[in-house]
Amino acid sequence: MENNNTSNHIEIWLLDDDDIVRSTTAQWLRLSSYTVREFQDAQDLIDHFSVGLPCIIVSDIRMTPIDGLTLMNNCLSQEAELPFILITGHGDVDTAVNALRDGAFDFLEKPFDPNRLLQTVEKAIQLRKVQQQHANQSQYLGELHGLEETIIGQNEQIIRVRQQIRTFASMDTHVIVYGKTGCGKELVAKALHDCSPRSKHPFVAINCAAIPADLFESELFGHEAGAFTSANKQRIGKLEHASGGTLFLDEIESMPLPMQIKLLRVLQENQLERIGSNNTIQIDLRVVAAAKNDLQTLDNFRQDLFFRLNVSQIHLPDLRSRGADIPLLFEHFCRIAVKERGGDFKPLSPIDHETLTVYGWPGNVRELRNVALRYALEPNTSIAKILAGYQAQDDIDTITPLPLSVKVQEFERSLIEASIRQQKGNIQLVLEQLQLPRRTLNQKMQKYGLNRVDYLD
């Protein structure tokens, strides 16, 4: 059987006091590229076990002096989420079914189909991988300090961005930050300011796309009282207000051409005049400009202004290219939400983790943050459900559709969740309503992160 698993770092701890059965099972698993650690008796496994180990356990039930159920209860009392698979003879099937209620991941009945073993093990390993990643993320987030607390991520591109921020912050030069909408360009600009000698002076942000063309000059340069009809009093412009600090010009490609000329002169001469005034005001500022596309290639952007600003560049990656940073950032935003509004962070289920990684995130980090806030504050929801709700309100041409496999799994999750809610957590009634075996329902509830306790009256 072909196996493309990438889970070799998760060990399978295999326990069986029958040497032949244990060695044969271990050989089959190793031939399928899994890492197996064999144990002949339960006490030996207990002596080596500790919370958080990258392993799952596959154990026979009938052993002496410590049987498989006793071992399971011992391990799960230390770590309730540990995937524990039982191997049982025909006479112990009822016992194994009851063990599912007590926390067993699954059971296999002797003689078991080797392919069934591989399928069960792989599901358990995928669950353990999610648990391990959550533990690693929690440790990483808990140890953040300095710039890493602002620009979070372990992706190589993000590590490079942090290095550039540290370098450029001390150089006191103008910087252009490139990145798609929602990638965090203003966050980078603020980090540049906070890490620089200018940090004690103002950080002033302007969205050039949000200012009407006829108000642009007044917004940047300010005006004297009476300079025009509605100028009832003197107003300090953004350029003057930012003096000594940093001026962040977001979407600078949207700045009208006449203003580009005036801004260039200010940057060349380090001085300005308010509208309606003949007095020259000396200013000292650093400009961090942000754009979605290369300013040098835009016909409506002055090349002389580009060359004035283009001392240093920082390129921010799209979220979808950041891989493992996606669940890391998601947990970070969830932690912020529960800290601000109370409650507990709900760890991701395997299907939620899969949805995070396969979705395209066209809105980048901003979209991820919004979904994380909803997920953290809405009980018994899923990421796919939240994304589907967003997409229903959007234009079909501007969204990244969820893969069919995710949609199918979300439909199944919603049916099971609705039944558990309707039956008020009574699993026996859920089994009857959905016509599912207890083992199948147990696996699906684990997969979708559903807990009957959440639905009890």
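The values are calculated or read from the model by the stated rules, or taken from the named source; none is laboratory data. Quick caveat: nothing in here was measured; it's all calculated off a predicted structure. Here Cβ is always computed from backbone atoms with ideal geometry, including for glycine, and neighbour counts include all displayed protein chains. Note: accessible area is taken over every heavy atom of the protein model, side chains too, but ligands, DNA and RNA are not part of it. Shrake-Rupley method; radii C 1.70, N 1.55, O 1.52, S 1.80 Å.
Screening F49 on (1) more than 20 Å from Q132 (Cβ to Cβ); (2) surrounded by 14 or more Cβ atoms within 10 Å (Cβ to Cβ) shows it passes everything except condition (1). The condition (being touching a Pro at 6+ places or on another chain (Cβ under 9 Å), open to solvent by 70 Å² or more (accessible area, probe 1.4 Å), part of a helix (DSSP H, G or I) and farther than 30 Å from L450 by Cβ) is satisfied by just one residue among Q27, Q43: Q43.
Enumerate the helices (runs of 4 or more DSSP H) found wholly within segment 345-413, keeping only those where 2 or more residues are at pLDDT below 80, more than 13 Å from C334 (Cα to Cα) and open to solvent by less than 70 Å² (accessible area, probe 1.4 Å).
Helices (runs of 4 or more DSSP H) meeting the threshold: 383-392.
Taking the criterion of being in contact with a strand residue (DSSP E or B) (Cβ under 6 Å, 6 or more places away or on another chain) and either part of a helix (DSSP H, G or I) or on the phi < 0 side of the Ramachandran plot (or both), the residues of segment 249-282 that qualify are L249, D250, I252, E253, V266, Q271, L272, R274, I275, T280, I281, Q282. Hey, could you check segment 414-430 for residues that are in contact with a helix residue (DSSP H, G or I) (Cβ under 6 Å, 6 or more places away or on another chain), part of a helix (DSSP H, G or I) and of a type outside the set (V, I, T) and say which is modelled with the lowest pLDDT? Out of the qualifying residues, it is R421. Determine whether I159 is in a helix (DSSP H, G or I) and at pLDDT 95 or above. So I159 passes the test.
Here is a yes/no grid of residues against (1) modelled with pLDDT of 95 or more; (2) in contact with an Asp or Glu (Cβ under 7 Å, 6 or more places away or on another chain); (3) farther than 21 Å from V311 by Cβ; (4) not aromatic (F, W, Y):
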| residue | (1), (2), (3), (4) |
| --- | --- |
| E253 | yes, no, no, yes |
| P258 | no, no, yes, yes |
| L264 | yes, yes, no, yes |
| G276 | no, yes, yes, yes |
| N279 | no, yes, yes, yes |
| V287 | yes, no, no, yes |
| A291 | yes, yes, no, yes |
| L295 | yes, yes, no, yes |
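With the structure loaded, tell me whether L309 is in contact with a helix residue (DSSP H, G or I) (Cβ under 7 Å, 6 or more places away or on another chain) and either aromatic (F, W, Y) or surrounded by 20 or more Cβ atoms within 10 Å (Cβ to Cβ) (or both) or whether it fails that test. Against the criterion (in contact with a helix residue (DSSP H, G or I) (Cβ under 7 Å, 6 or more places away or on another chain) and either aromatic (F, W, Y) or surrounded by 20 or more Cβ atoms within 10 Å (Cβ to Cβ) (or both)), L309 does not qualify. When residues in segment 431-457 are screened for being open to solvent by 70 Å² or more (accessible area, probe 1.4 Å), part of a helix (DSSP H, G or I) and free of Cβ contacts under 8 Å to residues at least 40 places away in the same chain, 4 of them pass.
Of all residues in segment 100-136, exactly one satisfies the criterion of being among the small types (G, A, S) and more than 15 Å from M445 (Cα to Cα), namely A135. Evaluated against (1) under 30 Å from L295 (Cα atoms); (2) open to solvent by 40 Å² or more (accessible area, probe 1.4 Å); (3) of a type outside the set (A, V, I, L, M, F, W, C), G153 falls short on exactly one condition, (2). Pairing residues of segment 289-301 that are in contact (Cβ under 8 Å) with a residue 40 or more places away in the chain and small (G, A, S) with residues that are crowded, with 22+ Cβ neighbours inside 10 Å and in a loop (DSSP other than H, G, I, E, B), at Cβ distances under 6 Å and at least 6 apart in sequence or on separate chains, gives no pairs at all. Return yes when I336 is of a type in the set (V, I, T), open to solvent by 60 Å² or more (accessible area, probe 1.4 Å) and either outside any loop (DSSP other than H, G, I, E, B) or more than 30 Å from P256 (Cα to Cα) (or both) and no when it is not. Spelling it out, I336 is indeed of a type in the set (V, I, T), open to solvent by 60 Å² or more (accessible area, probe 1.4 Å) and either outside any loop (DSSP other than H, G, I, E, B) or more than 30 Å from P256 (Cα to Cα) (or both). A count restricted to segment 416-441 and to residues that are closer than 21 Å to F105 by Cα and of a type in the set (K, R) stands at 2. For segment 91-120, a residue qualifies if it is open to solvent by 70 Å² or more (accessible area, probe 1.4 Å), under 20 Å from R22 (Cα atoms) and in a loop (DSSP other than H, G, I, E, B), and the qualifying residues are K110, P111, D113. Any residue at all in segment 23-30 that's in contact with a Ser or Thr (Cβ under 9 Å, 6 or more places away or on another chain) and closer than 28 Å to L441 by Cα? Yes - at least one qualifying residue is present in segment 23-30. Take the conditions (1) in a loop (DSSP other than H, G, I, E, B); (2) of a type outside the set (V, I, T); (3) surrounded by fewer than 19 Cβ atoms within 10 Å (Cβ to Cβ); L82 misses just one of them, which is (3).
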